[in-house]
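**Student:** Got a structure for you, questions after.
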Amino acid sequence: MTDRRQLEWLWFSAVLGAGAAHCGQVLALYGSPGELYDAVGKEDMSGLLTPAQLRRCETLTPQRFEPLLARCERMGIRVLCLDEEDYPARLAPLSDAPPVLFCTGDVSALSQPAAVAMIGSRRPSSYGVEAAALIGSQLAQAGVCLVSGLADGLDSEAHKAAVAAGAPTVGVLGTAIDKTYPAINRRLRSEMEHGCGAVISEFAPGEATGAGGFLLRNRLIAALSDAVCVVEARQKSGTMNTVNHAKRYGRTVFAVPGAIFSPLCGGTNQLLDEGQAHAASSAAPILRHLGIEPAPQVACRRARPAAPTLSAEAKAMKKALTSQAQGLEPLAKAAGLSAGQALAALMELEVSGIAVSGAGGQYRRA
């Protein structure tokens with residue numbers, strides 16, 4: 001039998017739209033989505049909802065979402081409504097909390113006693129990768145849940161550290177719940193879901209999202225955490241957007257000091273210079289902030305991440321690359337790949353630190 005309450009929450013989520021900026025305000029007045037639905041056409045809501053939201057109120061019904069609820073059940077996707085016990089307690093009190101979250105994996109990862117967001121560049125330096133691996137590993141070994149965006153770069157390093165330690169981790173998507181972006185992280189996502197990790201999104205399976213979805217998910221990364229650790233970030237980046245949300249929610253921010261001449265460290269160093277973040281050269285200050293005693297460190301060496309496993313296309317492209325910069329078309333031909341496959345392979349190699357792109361779409365071996 002279809003859960004009427006869940007249908008009403010799905011309707012409410014669709015009415016508010018992505019970002020759910022009015023969620024807390026609306027629920028403060030109406031108490032539940034069902035009460036709001038019952039008031040449609042009977043009360044003037046023009047001062048509360050936008051014209052677009054009012055139109056959705058009048059044209060959509062809870063029954064409209066029965067196929068979506070059935071689809072989620074078939075796909076093994078949990079539908080977490082704001083009034084449910086399994087809905088993340090850190091999110092629930094926020095004015096822009098998503099009315100509904102879609103979740104795969106172990107839902108208990110969303111309610112761990114201690115959670116830290118680890119964020120940073122999608123194109124990090126080797127220093128950033130090693131710093132993320134070290135701090136992420138120390139936090140995971142202490143039982144801290146690592147929260148990040150399941151993106152390439154430093155997000156992935158956070159999730160990998162948790163998986164390696166058997167610790168909980170949460171990946172927050174900026175896409176529909178049934179889409180993994182980038183696709184190269186599908187295996188990592190599976191490892192998280194089959195371990196003690198979870199993947200969440202405020203976007204339903206099959207829902208189309210644009211670039212704005214990634215900015216919206218940044219607020220969830222910050223909100224799901226007790227503290228945020230910025231490993232490496234430029235001054236203007238999505239990472240700094242997450243930091244702004246963390247400050248808005250009253251989350252403590254930590255930053256890894258970086259090279260003063262590196263643009264990749266411009267954002268982290270600025271946070272430290274302006275006193276907006278606490279310095280973290282290891283997990284120790286973060287753990288102390290959480291009230292967790294750091295384990296004694298036997299050595300002061302950086303943990304080096306394991307060498308990446310390349311796809312067959314990336315391996316073919318690796319062979320085709322030389323020290324001489326080449327365009328996409330000749331490289332694709334040499335590797336026996338289509339242009340689309342070649343571009344995806346080059347992106348994979350760049351993330352792995354093997355390929356270097358230059359001006360005009362030229363690529364060479366690093």
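The values are calculated or read from the model by the stated rules, or taken from the named source; none is laboratory data. Remember, it's a predicted structure, so these values are computed and weren't measured experimentally. Surface accessibility is based on the protein's heavy atoms, side chains included, excluding ligands, DNA and RNA. Shrake-Rupley method; radii C 1.70, N 1.55, O 1.52, S 1.80 Å.
**Student:** Starting from the alpha-carbon convex hull of the range 122-186, give the projected area averaged over all orientations, in nm².
**Tutor:** 4.1
**Student:** With both bridge residues required to lie in the chain, what share of the DSSP beta bridges run antiparallel, to the nearest 5%? Working shown, then result.
**Tutor:** Working: 12 of 32 bridges.
Bridges in the chain are about 40 percent antiparallel.
**Student:** Compute the Cα gyration tensor for the range 152-299, then decide on rounded, prolate or oblate, letting a ≥ b ≥ c be the square roots of its eigenvalues: rounded whenever a/c is under 1.5, prolate when a/b is larger than b/c in the other cases, and oblate in all that remain.
**Tutor:** It is oblate, given that a/c is not under 1.5 and a/b is not larger than b/c.
**Student:** Which residue fluctuates most in the GNM of the chain (Cα springs below 10 Å): Asp273, Asp155, Asp86?
**Tutor:** Checking each option, the largest mean-square fluctuation is seen for Asp273.
**Student:** Got the relative contact order for the chain handy, in percent, Cα pairs under 8 Å and 6 or more residues apart?
**Tutor:** 13
**Student:** Please check: in the Gaussian network model of the chain (C-alpha springs, under 10 Å), which one of Ala279, Ala52, Ala167 has the largest mean-square fluctuation.
**Tutor:** Top of the fluctuation ranking is Ala52.
**Student:** Starting from the Cα of Lys236, draw a straight line to each of the lysines and keep only those under 20 Å, dropping any in the same chain fewer than 8 residues away.
**Tutor:** Lys247
**Student:** If you don't mind, there's one more thing I want to ask. P(r) tail for the range 15-128, what percent of Cα pairs lie past 18 Å? Don't skip to the end; give the middle numbers.
**Tutor:** Details: 3994 of 6441 pairs.
Across the range 15-128, Cα pairs with separations above 18 Å total 62 percent.
**Student:** OK, next. Please report the carbon-and-sulfur percent of the accessible area for the chain; probe 1.4 Å, protein heavy atoms only, DNA, RNA and ligands left out.
**Tutor:** Here it works out to 52 percent.
**Student:** Let me ask you something else. Could you tell me what % of all Cα pairs in the range 1-82 have separations over 23 Å?
**Tutor:** Roughly 19 percent, once rounded to a whole number.
**Student:** Quick one: accessible surface of Ile292, probe radius 1.4 Å, all protein chains present, in square angstrom to the nearest 10.
**Tutor:** Here the residue's solvent-accessible area equals roughly 40 Å².
**Student:** Let me ask something else. Ignoring ligands, DNA and RNA, how do Arg56, Arg251 rank by accessible area with a 1.4 Å probe, largest first?
**Tutor:** These residues rank, largest area first, as Arg56, Arg251.
**Student:** Moving on. Who wins for biggest fluctuation among Arg71, Arg90, Arg189 in a Gaussian network model of the chain, springs between alpha carbons below 10 Å?
**Tutor:** Of Arg71, Arg90, Arg189, the Gaussian network model singles out Arg71 as fluctuating most.
**Student:** Hey, another quick one. Taking a probe of 1.4 Å, how large is the accessible area per residue of the chain, in Å²?
**Tutor:** On the way: 16840 Å² over 366 residues.
Ligands and nucleic acids excluded, the figure is 46 Å² per residue.
**Student:** Rolling a 1.4 angstrom probe over the protein chains, ignoring ligands and nucleic acids, what is the accessible area of His278 in square angstrom, nearest 10?
**Tutor:** Rounded to the nearest 10, that gives 100 Å².
**Student:** Go through (i) 22.5; (ii) 20.3; (iii) 21.8 and flag the label whose value is the computed Kirkwood radius over Cα pairs in Å for this structure.
**Tutor:** (iii)
**Student:** Run the numbers on the range 58-181 and let me know its relative contact order in percent, using alpha-carbon pairs under 8 Å that are six or more apart.
**Tutor:** On the way: 173 pairs, mean separation 24.4, N = 124.
After rounding, I find 20 percent.
**Student:** Please list Glu84, Glu73, Glu66 from largest to smallest accessible area, probe radius 1.4 Å, with all protein chains kept in place.
**Tutor:** Glu73, Glu66, Glu84
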